[in-house]
Structures are given as C-alpha cells and as structure tokens.
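Scroll down for the structure; my scribbles are underneath it.
The values are calculated or read from the model by the stated rules, or taken from the named source; none is laboratory data. This structure is a prediction, so every number in the text was calculated from the model and none was measured. Because the Cβ atoms are built from the backbone with ideal geometry, glycine has one as well, and the counts that use them run over all protein chains shown.
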Number of protein chains: 2
Amino acid sequence: MAPRVGDDVSNKQVMFRDYVTGYPKESDMFLTTGIIRLKVPQGSDAVLVKNIYISCDPRMQFFMRKAVGLTGYDRFTPVFVFHENLQPMFGYGVAKVLDSGNPKFKAGDLVWGITGWEEYSLITKTESLIKIQHTDVPLSYYTGILGMPGMTAYAGFYEVGAPKKGEYVFVSAASGAVGQLIGQFAKLEGCYVVGSAGSKEKVDLLKNKLGFDDAFNYKEEHDLNAALKRYFPEGIDVYFEHVGGEMLDAVLLNMRHFGRIAVCGMISQYNLDEHQGIKNLMHIGFKWIHMQGYAHRNYYHLYPKFLDTVLPFIREKKIVYVEDAVEGLENAPAALVGLFSGRNFGKQVVAVAPE
Amino acid sequence: MAPRVGDDVSNKQVMFRDYVTGYPKESDMFLTTGIIRLKVPQGSDAVLVKNIYISCDPRMQFFMRKAVGLTGYDRFTPVFVFHENLQPMFGYGVAKVLDSGNPKFKAGDLVWGITGWEEYSLITKTESLIKIQHTDVPLSYYTGILGMPGMTAYAGFYEVGAPKKGEYVFVSAASGAVGQLIGQFAKLEGCYVVGSAGSKEKVDLLKNKLGFDDAFNYKEEHDLNAALKRYFPEGIDVYFEHVGGEMLDAVLLNMRHFGRIAVCGMISQYNLDEHQGIKNLMHIGFKWIHMQGYAHRNYYHLYPKFLDTVLPFIREKKIVYVEDAVEGLENAPAALVGLFSGRNFGKQVVAVAPE
C-alpha cells in the first residue's frame, strides 16, 4: 500500500561521510535507512517529495570538497556545502510533491531541482525547484536535456558561444550530458561540428548517432595540435570547453580571429595537485578571442524560451538524447564515481522510484 | 631652403637588417642615407610625406620576427611584414603631406598612420592614414593619446572592459602608453584603480601625477597573489592585461564573479623560449569571467566618438599624458630597444623634424 501523508516511513539515504580530497570514491558514501514523517511541519514553506530520479553531475565533486582557494566561490553554492559530517547527499533530481507548505507547489505536482539522495526529502530550500509542465517526454529528461545540463548547453550555445551558420565548432567531452546537446544544437544551426571524447564507443556515438560531422578519441592522439589541424584545416570559430589542460592549449593555437571559447568546465584539471599551465593564452590577444565562463544558474530567466526551443526538437526527434540509467539508490555512489573515470555513456541518472 | 615638390633630396633612413630572434637590439637596425624624389609617381594614389614624429610601440617586435606558429596572424598585418632584408622600418607616425595622388589627402595636410622610419616617405598603402583635424594639441599626441595607443585604451576601456562606477579596476604596465590612459579613464568614470609598474619612479608617477588610487612595483613583490589581496581585499572587477605570466595567474585568483579581463597584450611572454603556463584558468569557469582579446584596428569606426571624448579631457587638463621623446632618427633604434627593458618613461616617441 502506498504511504500516505502523515505516515512515518523508512527512508533509504545515501550519506556523505566527510569532505573528500581528490575524486570521490564509493567508500566516501554509504547507505543507511532513516525514518521520515511524510508531512511538512506546521508553518514551514518546505515541500515534502518522493524522489523519482536523481542526477549524477561532474560538478558535484566541488561540493564534496572543502572549498580552498576558490575566492568567493562559496557565496554562490550554499546548498551544496556540507557543513557537518554525515549529511545525506544533495543534487539535482525529479520528484513528486506529497505535501507542501509552499503556495507555489501542491501535492501531486512533479518538480525538478535540488533534492536529497534519498527516497523522500523534506526540501526547505525551494528556490531551485521548477514545476514540470510537460510530461509527454520521459521524466528523467528533467535531470538532463530539460534540466540543469540542458540549460547549461542552451545558455552556452545560444548565449555565450553563439556560433553562426557555417562556422567551425569544436566540442570537448562531447558525449557528456552538455556536450552532446551543444553538438546537436550546432548541427541544427548549420555549423560544422567536431567532438572529442575518450573512447571508441563514444566517438562512434558522436559520429553515427548524434550527427557530429566528425569526432576523435583524444586518448589516441599524441599531438592534439596536429589532430585539431587535421579536423579544422581552416581553424576553429567556437570552442565549447569542458576539459581544460592540453586540449585547451592546442585549441588556442587553432582558433580563428574573433573566435569564441565558452567555458563550462575544465574537468581534466579539477583534481590535479598542480594544475597544468596553459601556455598559448597570448593567442587571446593575437586573435581577439572571446573567452567566457558561464553557468546555467545565471540564465533561468530563459527557461520558458529554452523549453520552446528544445521540446519541439525532442518531439520531432531532431535531437538524440543518450542516458545512462542505473536502478536504485544503492547504485548511486558507483554511478557518481564512474563519471570521473568516464565510465558513463551519456547522461548519468539514477532511477530511485520511476513512475 | 625648404625642399620643394619634385626635388631630389637626401633621405636619412633607419634600415632593418634581418628578422630578429628575441627582442630587437640596436645592431639589428642601422642608419643609411638614400635619395628620394619628392613627387608621387604619375598615376599612383600614394602620398609623399615629410615625417614629423615616429612612434616606438611594443607590438613592433612582432613585425621584426618571422611569424612562427601564430596561425593566421599574418593575414592581419600585411604592412609590417618585412619580406626582404634591408627594408626601412615602418611604424606609426605623424607626417605632413608634400604631394598626393590620393583624393583624400592634399599637400599641406597633416596625417597620422603608418609611415617609414625616414625623413620622407612615399606611402603607397594609405588605408591607415587619418587626417589630423585638431592642431591645438601637440602633434606628437597623434602617436599616443590621440593615435593608436589612445584608440587601444579607449576601445579597451569603453568597449571591452567597460568598468562601471565604483568597480575595482587593476591595470598592469600602468605607466605605459595604453595603461596610463586606461587608469585615468577609470578614475574619470568613478572606479577604484590600482596600477602595477616596474620601478619606483613609475609607481610615483601613477600615484602622484596620474591620480591612480594606489600602485605597486611588481618587481618588489615576492607573492603577487598576496600583493593583489592587499590592494583589492574585495577582489578585482576589471583587469586590463598587458603583461601575462605570473601576474595573470595571480589576478585570476583575485577576480570577482562576473569579472572582465581585457587582453591588450602579454609583454612578459612574447620573448620567452617557453611561455609561462597559466594555472588558474579554471577561475574563468568558476567565476563566469569574461576574457577578451582586442586591438585598436577593429574600432576605428569609433574614432570621431573617441576624439569627442578625449580632446576635451586634454584641453580641460583632466588627463595627464606623459611622453618620453628623443630627438632625431639616429636615436630611434635605441628608443625602440629601450621599450623592452622598460627604459622609457611614458609613451616613447621620436621627433624626426618637429614643426
């Protein structure tokens, strides 16, 4: 029998043991079972939800480390900072509202936003929650193509890099949640698009399923500069940066005048004791390059416009969206850890209690 | 007696011996005396000028080296490429038109733009020449505050970095031709401005004559990150980049969210066998920083607006402009070479035949 509002029920949770150094390991997390009352406390504007999907995202690693040396970074990431040990994990997810003290949400609503890594969550910080209006697409998409990674790709493509028809576009980490969308947006807008990824399977995906003009496995290239010259004999107009390090250095050598570099992330660098130095930055000045860091969080005013653009692409099958789903909270730690070794194939999601 | 149109006259010239490696030395140039006929050849749209001032600019070093590895750079710098040995030097200057085959210029006009390092020049590529309309200010200013460096500072400040009132602005190489103007624009717009320079005298100039809020000698700072934290406890909103290397790395650590970095040049890096790696670029992504390379050449449509802004600043003495002038073509090679050791104090100009 389905639990009802007011019941005390058992609540499986993925707990966070302590701040990590380096990449998270499975042993940094553990499962436990608590008890939760399925009711929002009197007078609170929280919502109580049943989690349906939770999302594994590369940026979660930051929220598992003590922020050292990232001046001012904390200011913008309050919900992800773990102030004490033994906290349940947080992250983006899709959930159903069971009880609400918040006028914006009512029981039965489907929402996406930041929730707990557990079966049921009492969400007190509701700012990130967005009500799901369109359910003719898989709900899991709201952890990806229609959620944070989708907004990231949309903002990066249309607002930051803004490639024009016929321009040469390069996407690194192109099979990831953001990269696969950016590459497809670029094709839909008439650009020439090449992606890099870290395995033969991912390269095949890019070329054969996602419609990239070309793709290569960066692990098989000894000279990234030569590789880029091969794929872009005319140079690169717009680079979507997800990896940093040697790839960025090679890209700078191959950028065209007035080129743009949209910096979403630099995943190769986050966990090095000493970050790799980028030696070709002078090309920013030589070639009047525009390099811009961005994050989804500054673009949510565009969410309705984003849905107007992307929902038709999905319904008309103009966009292919690849998910890597695991079932059950107990498999969430391994799924998250797998992101950092590139084990996932497409957007990594955990089905907690699919509808 | 002043030479007349049609006369054959002797023409002192600074010759360029061959492509240099590293910084230019005085011995890479030599003086010679040729003969020039003071007349534009029949049917040509060239202009024949008497040079008044010539300008020494850091970027001239590029045009003295074989362009290696600067993909696509050449396309934009045709006039400066020395295709054969024993060419006279070129550069920005102020000149008087003696004879003209070009409908845009007539004898007696004063012009600024790219001319030869010689007493008289036959200028066949006239695209860069701009007629001087305002002569109530020193003509030498058209090699600096009213010429290419002025346009660079104007575009960098108003079009690229665009600091707003109350923002924290940092300028490196702040006593240089571009830096001193940017800092003063920033003060006029109500910003808080700190500059770095390489000597006590330059720091004194910034603080005591140019009105910077503060300034420091980077050569006396062992830890640039700590220095910047001292001068910018709240962080930096806009950085005007002229040096690169360690300074840029320290700046990245101290940038605020949504900060802007306007990249005019990276003079510390141009002549290293191996460029210093920049390790803190991740902050571009973390803090949504905008980094943009730019050059004056893309902003000449704004030249009238630029004059409308800057001429009143000069006439009302709201801007201090510091020149380092030497007399005579024979001193031009040493003046140019001095730029690269920081010997000049303010904008370096050579008076060839001041009016």
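Annotations for the structure displayed:
- Condition check for residue B:329: more than 30 Å from residue B:113 (Cα to Cα), of a type in the set (A, V, I, L, M, F, W, C) and buried (at least 19 other Cβ atoms within 10 Å of the Cβ): no
- Residue that is modelled with the highest pLDDT [pool: residues in segment A:82-101 that are more than 20 Å from residue A:26 (Cβ to Cβ) and surrounded by fewer than 17 Cβ atoms within 10 Å (Cβ to Cβ)]: A:84
- Whichever residue in segment A:216-234 is in a loop (DSSP other than H, G, I, E, B) and of a type in the set (D, E, K, R) and, among such residues, is farthest from the other protein chains (Cβ to nearest Cβ): A:221
- Look at (1) in a strand (DSSP E or B); (2) more than 19 Å from the chain's Cα centre (by Cα); (3) of a type outside the set (D, E, K, R) and you find that residue B:113 fails only one, number (2).
- Residue in segment B:41-55 that is among the aliphatic types (A, V, I, L, M), more than 26 Å from residue B:105 (Cα to Cα), at pLDDT 90 or above and in the same structural domain as residue B:122 (by TED's automatic domain parsing) present: no
- Among the residues of segment B:246-297, the one identified as part of a loop (DSSP other than H, G, I, E, B), of a type in the set (Asp, Glu) and more than 8 Å from every other protein chain (Cβ to nearest Cβ) is B:273.
- Filter pass, residue A:160 being within 14 Å of chain B (Cβ to nearest Cβ), at pLDDT 95 or above and part of a helix (DSSP H, G or I): yes
- Some residue of segment B:235-245 being within 8 Å of chain A (Cβ to nearest Cβ) and free of Cβ contacts under 8 Å to residues at least 40 places away in the same chain: yes
- Taking segment B:305-317 as the range and being under 21 Å from residue B:159 (Cα atoms) and surrounded by 12 or more Cβ atoms within 10 Å (Cβ to Cβ) as the test, the residues that pass are B:305, B:306, B:307, B:309, B:310, B:311, B:313, B:314.
- Of the residues making up segment B:298-355, those that are under 30 Å from residue B:270 (Cα atoms) and part of a helix (DSSP H, G or I) number 18.
- Here residue B:154 fits the description: within 18 Å of the chain's Cα centre (by Cα) and touching a residue at least 40 places away in the same chain (Cβ under 8 Å).
- Answer from A:128, A:100 - the residue that is over 27 Å from residue A:326 (Cα atoms) and among the hydroxyl-bearing types (Ser, Thr, Tyr): A:100
- Selection within segment A:175-199 - buried (at least 24 other Cβ atoms within 10 Å of the Cβ) and in contact with an Asp or Glu (Cβ under 6 Å, 6 or more places away or on another chain): A:193, A:194
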